[in-house]
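Taking it in order: structure first as C-alpha cells, then the write-up.
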Number of protein chains: 2
Amino acid sequence: MPRIGLPMKVAVISIGDELMYGETVDSNFTVIAGRLYDAGLPVAVHLTVGDDREEIARALVYLAREHEVIIATGGLGPTSDDLTAAAAAEASGCPLQLSGAALEHIRQVAGRWGAEVPPANEKQALVPAGATLIDNPDGTACGFIVPLGRCRSIFLPGVPREMARMLSASVLPLLAPMAGGKTYLTKVFMVFGPSEAELETLLASLDSADSGVSVAYCVAFPGIQVKLRAFGESEPPVVSRLESAARLVRDILGDRIVAEDGESLDTVIAGLLRSRGETLSLAESCTGGLLAERITDLAGCSAYFLEGVVSYANAAKERLLGVSPLLLAERGAVSADVAIAMAEGSRRSSGSDHALAVTGIAGPDGGTPEKPVGTVFIAVADRDGCTATRHQFTGDRHAIRSMTTFTALNLLRLRLMKGKTERHP
Amino acid sequence: MPRIGLPMKVAVISIGDELMYGETVDSNFTVIAGRLYDAGLPVAVHLTVGDDREEIARALVYLAREHEVIIATGGLGPTSDDLTAAAAAEASGCPLQLSGAALEHIRQVAGRWGAEVPPANEKQALVPAGATLIDNPDGTACGFIVPLGRCRSIFLPGVPREMARMLSASVLPLLAPMAGGKTYLTKVFMVFGPSEAELETLLASLDSADSGVSVAYCVAFPGIQVKLRAFGESEPPVVSRLESAARLVRDILGDRIVAEDGESLDTVIAGLLRSRGETLSLAESCTGGLLAERITDLAGCSAYFLEGVVSYANAAKERLLGVSPLLLAERGAVSADVAIAMAEGSRRSSGSDHALAVTGIAGPDGGTPEKPVGTVFIAVADRDGCTATRHQFTGDRHAIRSMTTFTALNLLRLRLMKGKTERHP
C-alpha cells in the first residue's frame, strides 16, 4: 500500500488541562488534521500537553527541531490557567509585550457584546515581542505567529468555532503555497452491513500495491467507512486511479453503500425525498426524537418533513397516531402490529407520502424473555402499503437507540431507492 | 495555582490514519486520560501518529525513554493497515509470533457471532514474542503488554467500546498500585450565563495559591465548566479544602449553576420531575426533536415523560397541538403567542403537569428583518399559567438549535426549582 509522502512537516499541539484530564474531547485536532490533509499538507505528528508553561515550551522546542510548521491551539484565554503565550515567549526567547493592536481588537469585540472589557481580557493582548497577529473575528483572543528557529509556530485559541474560522481564513492561505502542488485525493464510502473483516475479504482485489490506491477501514458506528486514498504529482492520473477503484467498490458493495464522500445517510434520504417531491412523517417510541432530530438537522427540511410524534405513553400512541387500545393490549406496545399501526396512523393523519415508525425496548429495564432489551420493530409505510421488521440490537441504551435510528433511516433509504428503480427501470 | 504532581509518568499514544487525516475524533484518549486521572495517574503527554510501522515504532522508543508506562490504542484490527503489533515488535526487538491463546480467543469470539473466522482475523493472533495478553471480551483483538526497557507498553484496540472495557477491567487494576496512595479530587460545576472572563472575576477570591485548590474554566458550549481541583497526601484535608471552595462557588453563582459533578441539565430536570411526581410533555418546532431526544436519553424517563410533538408544518401545530389557524396567520408561527398556544395545547391534550414549547428560525433561510435567523420563542406551561420569552441566538443552524435546546431546558429547570422553593420555603 503506498504511503502518502509529507511535502512539509507539520506538527500540531493541543494545549489544555481539560484534554489531559479527559474532560474534553479534542475536536480541534480533528478539524486541523482534516483541513490540512485536504490542502495537501498532512499532519506528521500530534502532541497533547496540559496548561503548564514549561511543558508547553518544551513541546514547542522539541517539535520545532524537526518540523517546518507547528500549529498550536488552546491556552490563549483570559484566565490565569491560560499560559500558552507565556510558553511561546519562553520557547522563542521573545518576551511578552502588550500589543496595541490586540488590545484594540479586544475592545472592539467586547464592545460588540455591549460590555466593558473585563481586566482579565486585557491579558489576551500580551503576545511575544515581534509576533505577527492573526485576526479572530469571533472572539477576544487574537492568534499569533512566532518563529522558532526555522519553524513557524502558529498559535490559535482553543474555542472550536473561533479556531476553525481562523484556520480557514488566515492559516491555510498562508500555508497553501508550501503544499508543492501535489495532489491528495480521498474517496469515502459509508457502508452498513458487513463487518470490517468481511469488507477486507470482499474488497481484497482492490488492495494491491500496483493499484496506486490505498484502502482503509474505519468503524463509524454503526457503519464502517471504506476510504480510498490516492496521491501523486499530477492530478489527472490520481483522479483516474481513484475513479476506477471507486467503480469497483460500487460494483462489489451495491446498496450496502449508504452514502459517498460529503453525503450521509441523512442527506441521501433528503435528496431522494426532494427529487421525488414527496413528504415524510415520523412516529417514534424508543428513539424518542432521534429520528426527527436527524431529519430536521438539515437546512431546508421543511420542504419534505411534515411532523414527528414521540409517543412514549400508550395514550399518546392512541390519541396522536390512532393506534387502537385493543391492539396495544393484545400485542403490546413493542410489536410488529403496533409499529405498522403507528406508521399508518402517522401517514394517514399527517397526509405524508412516507411514514417511518419505531417501537422497541432501549433498556436497561423493560425487557422480557420474549422481548429482551434491544427488541425493536421498525415499520415503513407508503402508498403501496406498510412493512414491519423485527430487530434484536445489543449494547447499552445509547447504542440501541443509535442502532435503531440508523437502521430505521437505512430501511427508509432502501424503500425510497426501490421506488425510484421501479419507476425508472 | 498549585500544579498537580505526577507520581508515575504515563504517556498515551493514539494510532490511526483516520485520526491524522481528521476523519475521526479521538475519544479514546479522552476516556483513557479521564480514568487515569481519577485513578491518581494523570497522563503526562499524549502523541498521535498514523498507521505507519516506522513512525509508531519511533514514537514508542522515544516515549519509553522518559515514561514508566505507555498506553497505546489503535491499529490492532484485522486489516492490512493495522500495523501496531508489527511496530511493537520492532520497537521491543521481540519478533511477531502466532499466539495460540490469541487464536483460540479469536475463534471463540467469532464463533459467538455464528461465523467462521475470516483469514484476515487470524492476523490478530500475531503478537510480539513474550508479550502478556489482555483479554478483550467484546472483540477479536486481544490487547498485550510488551516491555520496552524499563517502560511497560500496553497495547489496546481502537474500537472505543472494547478499549474502554479492557482499560477498566485489566489495565487500571494493573496500574493502580503505582499511584502511590495520593488523593486527586475534582469538583465540576456546569454554569450557564456568565462568560469565562466574568466567571474569573466573580470567582477571583477563590483562585489564590494558599487555598490549595486550583480553578479551571472550560467552555462546554453553551455553558462553561468551572473545575475545582485539589491534590494531597491524605484524603481528609483534600476533601475539606474542596468542600469549602465548593460552598463559596455555590454562594457566588447561585442558580447560574446548572448541575454539579456527574449531574447534567438533563438529569437535574429528571430528578426534579421525579421528586415532585410530575409529568412533562414537549412541543417542538425549530429544535426538531432535540428536546425529546435529550429527555428520553435517560433510562426510566417514561416515569415522567409522556409525549413530544415535532410540529414542523403549520398543519401539525393545528392538528396535534390545537393552535388556532387564525393565530398562526396573524402572529406567524414564530411568535410568543404561538409558543404559548403550543405549550398550553401540549399540556391540555397530553394531560401533563409541565409543557415546554419552542418555535423559532434555525436558519440559514427563513429570517426576516423583524425576526432574523436565530429568533426563538420558548414557552413553559404549568398549572399556574404559561410564560413565553423571546431569544436572539447567533451562529449556524447547529449552534442555534443547540442553544435553543439548552436554554429551553434551563428555563424548565428554573421553573421547576422555583416551584420547589415556593412549596418548601
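Readers should treat all values here as calculations from the given coordinates under stated rules, not as data from a laboratory. Small disclaimer: the values here were computed from a predicted structure and weren't measured. Positions of Cβ are backbone-derived with ideal geometry, glycine not excepted, and every protein chain shown enters the neighbour counts.
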Legend entry - Table column - 3J(HN,Hα) (Hz), the stretch B:331-347, Karplus curve with 6.51, -1.76, 1.60, x for Gly and Pro: 9, x, 4, 9, 7, 4, 5, 5, 4, 5, 5, 5, 5, 5, x, 5, 5
Legend entry - Long-range amide H partners of residue A:43 with built H, under 5 Å: A:37
Inset, instruction - Find, among the residues of chain B, the one whose Cβ sits nearest the axis of the rotation taking B to A; state the distance in whole Å. - result: B:289, 2
Legend entry - Dipole of the stretch B:236-380, positive direction: furthest Cα of B:287, B:252, B:316, with charges on the beta-carbon: B:252
Legend entry - Residue range of chain A that is longest and free of trypsin sites (Lys or Arg not before Pro) which are both DSSP loop and sparsely packed (at most 12 other C-beta within 10 Å): A:151-382
Legend entry - Radius of gyration and Dmax over the Cα atoms of chain A, both given in Å: 26.7, 80
Inset, instruction - One decimal, nm, shortest first: give the distances between the label point of residue B:252 and those of the same position in the other copies, each label point 7 Å from Cα along Cα→Cβ. - result: 6.0
Inset, instruction - Take peptide A:47-54, look around each residue's Cβ out to 10 angstrom, count Cβ atoms belonging to other protein chains, and average those counts. - result: 4
Legend entry - Overall form of the stretch A:88-178 per C-alpha gyration tensor (a/c, 1.5; a/b vs b/c): oblate
Legend entry - Vicinal HN-Hα couplings computed from phi for the stretch A:287-298 (Karplus, 6.51 cos²θ - 1.76 cosθ + 1.60; Hz; Gly/Pro x): 7, x, x, 5, 4, 4, 4, 5, 5, 7, 5, 8
Inset, instruction - Would you calculate the separation in nanometres between label points at residue A:336 and residue A:261, each defined as 7 Å from the Cα along the Cα-to-beta-carbon direction? - result: 4.1 nm
Inset, instruction - Would you mind listing the distances between the residue A:364 label point and the same position in each other copy? Use 7 Å along Cα-to-C-beta, nm, one decimal, shortest first. - result: 4.4
Inset, instruction - Can you list which of the GluC sites (Glu not before Pro) found in the stretch A:81-152 are DSSP loop residues with at most 13 other C-beta atoms within 10 Å? - result: A:116
Legend entry - Theoretical ellipticity at 222 nm over chain B - DSSP helices of four or more residues, -39500 (n - 2.57) apiece, nearest 500: -12000 deg cm²/dmol
Legend entry - Size of electric dipole in the stretch A:201-332: Cβ of Lys, Arg +1 and of Asp, Glu -1, about Cα centre, debye, nearest 20: 300 debye
Inset, instruction - Compare the Cα positions of A:36, A:50, A:117 along the charge dipole of the stretch A:1-160 (+1 at Cβ of Lys, Arg; -1 at Cβ of Asp, Glu; about the Cα centre) and return the one farthest towards the positive end. - result: A:36
Inset, instruction - With a Förster radius of 56 Å, plug the Cβ-Cβ distance of residue B:201 and residue A:248 into 1/(1 + (r/R0)^6) and report the FRET value to the nearest 0.05. - result: 0.35
Legend entry - DSSP beta bridge pairing in the stretch A:275-407, given as percent antiparallel to the nearest 5: 60 percent
Legend entry - For residue A:367, residues with placed amide H under 5 Å, excluding near neighbours: A:373
Inset, instruction - DSSP loop (so not H, G, I, E, B), at most 10 other Cβ within 10 Å: list which chymotrypsin sites (Phe, Trp or Tyr not before Pro) in the stretch A:100-170 pass both filters. - result: A:113
Legend entry - Peptide A:295-306 - average C-beta neighbours from other chains (10 Å radius): 5
Inset, instruction - Rounded to whole Hz and in sequence order, give me ³J(HN,Hα) for the stretch A:122-128 from the Karplus expression 6.51 cos²θ - 1.76 cosθ + 1.60, θ = phi - 60°, writing x for Gly and Pro. - result: 5, 4, 5, 8, 8, 10, x
Inset, instruction - Put a label point 7 Å from Cα along the Cβ direction on residue A:336, then list its distances to the equivalent points in the other copies in nm, shortest first. - result: 5.3
Inset, instruction - State which entries of A:9/A:187; A:371/B:317; B:187/B:418; B:9/B:227; B:9/B:123 exceed 29 angstrom in Cα-Cα distance in the structure shown. - result: A:371/B:317; B:9/B:123
Legend entry - Pairwise centroid distance, computed over Cα atoms, of the stretch B:281-311 with the stretch B:62-136, Å: 44 Å
Legend entry - Value of Rg to Rh for the stretch A:313-425 (Rh from inverse mean 1/r over Cα pairs, i.e. Kirkwood): 1.00
Inset, instruction - Report, by chain and number, residues whose modeled amide H sits under 5 Å from the one on residue A:153, excluding near sequence neighbours (fewer than 5 apart, same chain). - result: A:70, A:146, A:148
Legend entry - Residues in the stretch A:340-357 reached by a label modelled at residue A:324 [backbone nitrogen below 18 Å; 7 Å Cα→Cβ]: A:340-349
